[in-house]
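The structure appears right after this line, and notes come after that.
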């Protein structure tokens, strides 16, 4: 079905679809890594379809591949997925989706990219167009390329030989880095990275990321307390 003239000329739609094309292809990496971690093609596809948040999915299979159990993998994935709930609160007020079907669909495609595209627009209609273009576009392509990656996983051998594990890390850092504005976020990120590196050799798989998250929360609270005290002076 061709796009209407309004959608074809919409800057938000163009930005959303461009981002969808760039992001969706990383589903190949996830599919290959998930099958290499021991998941079946059906289990891999279920994660992409139901969980549908790249950071959480990579965290889940990363813990499994490192020898961790299902509980640790679920905890790590859930921790990273909390941010989507925070996005949903903001986007629900911004977009005001109507009807249970649209609310359910918008909740499913509320991710980093769709949130970024929507909040970058100044016009309310462009916010909606950008959100749906990015969210639905990534959902379709991510699941499509997950199938491709999981089916090819056994054929291409160890995905690390092809650099797919590095591509996943690069994608995650590419999403994270633009958000680190100011010295405090960068300092928190560096401290959490150090905590993770130090903890990996000593703690079971899945626990280092939980420890880093706990440190991030503690630092965030300390920085907020510092700022609040500074504002009262």
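Going by the structure shown, is residue 123 more than 22 Å from residue 37 (Cβ to Cβ), crowded, with 16+ Cβ neighbours inside 10 Å and modelled with pLDDT under 90? Give the derivation first.
Working: more than 22 Å from residue 37 (Cβ to Cβ): yes; crowded, with 16+ Cβ neighbours inside 10 Å: no; modelled with pLDDT under 90: yes.
The answer is no for residue 123.
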Hey, can you tell me all the residues within the stretch 65-91 that are more than 23 Å from residue 23 (Cβ to Cβ) and either in contact with a helix residue (DSSP H, G or I) (Cβ under 9 Å, 6 or more places away or on another chain) or not in a helix (DSSP H, G or I) (or both)? 66, 67, 68, 69, 70, 72, 74, 75
So, in the stretch 25-66, exactly how many residues are without any contact (Cβ under 8 Å) to a residue 24 or more places away in the chain, over 16 Å from the mean Cα position of the chain (by Cα) and crowded, with 21+ Cβ neighbours inside 10 Å? 0
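The values are calculated or read from the model by the stated rules, or taken from the named source; none is laboratory data. Note that the structure is a prediction, hence the values are computed from the model and not measured. Glycine gets a Cβ as well: all are built from the backbone with ideal geometry, and neighbour counts include every protein chain shown.
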